[in-house]
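Report on the following structure.
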């Protein structure tokens, strides 16, 4: 099964789903925008239907939002108003030909637990960021969800679940540090179920 099949199938439902915690979402936006400037060149991968990209685009010079689900991107491109500096592309971050130190900010929101190799994805974000650049993540922590880990292979085989990576908060922090990042923001707003991090590539 094509890796985007699950996400293509649920795109419409995903687009209509409400934000579960508006206050936490707004706080994440504020913390992220505090690192943005009018010269920032940003890339978001796993952008889904683009709601966060639309909010952030006005705060930067350029914002490229990507997702490997063409159905998600198709919905994102219909949203209005569409800032002139915002582009939506069908692409997988780990397969993009990005230059070294070519970006000021990389955002991977609700995505690191869905990629095959989170460590490699984090290393790629480090590679493409300029010195002083930021990697912004919000990640579901599945490490303690052992029942889900047991049923995940079957769910994936029948197309009812996407790929899932199981790790905890300390694992993610360690992966960030091992890649070379310094963690500036570290917040778990929902009793430890997710971890919001802003990590900087040291100058």
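Tabulated data
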read-out: Within the range 8-40, tally of residues that are touching a strand residue (DSSP E or B) at 6+ places or on another chain (Cβ under 6 Å) and buried (at least 17 other Cβ atoms within 10 Å of the Cβ); value: 4
read-out: Residues (surrounded by fewer than 24 Cβ atoms within 10 Å (Cβ to Cβ) and within 18 Å of residue 94 (Cα to Cα)) located in the range 46-70; value: 46, 48, 64, 66, 68, 70
read-out: Failed item, numbered, when residue 43 is tested on (1) more than 30 Å from residue 149 (Cα to Cα); (2) surrounded by fewer than 21 Cβ atoms within 10 Å (Cβ to Cβ); (3) modelled with pLDDT of 95 or more; value: (2)
read-out: Residue match in the range 98-110 (condition: touching a strand residue (DSSP E or B) at 6+ places or on another chain (Cβ under 6 Å), surrounded by fewer than 17 Cβ atoms within 10 Å (Cβ to Cβ) and farther than 22 Å from residue 161 by Cα); value: yes
read-out: Any strands (runs of 3 or more DSSP E) falling wholly within the range 1-97 and containing at least 2 residues that are without any contact (Cβ under 8 Å) to a residue 40 or more places away in the chain and over 24 Å from residue 185 (Cβ atoms); value: 86-90
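The values are calculated or read from the model by the stated rules, or taken from the named source; none is laboratory data. Being a predicted model, the structure only gives us computed values, none of them experimental. Neighbour counts are summed over all protein chains in view; Cβ atoms, including those assigned to glycine, are modelled from backbone coordinates with ideal geometry.
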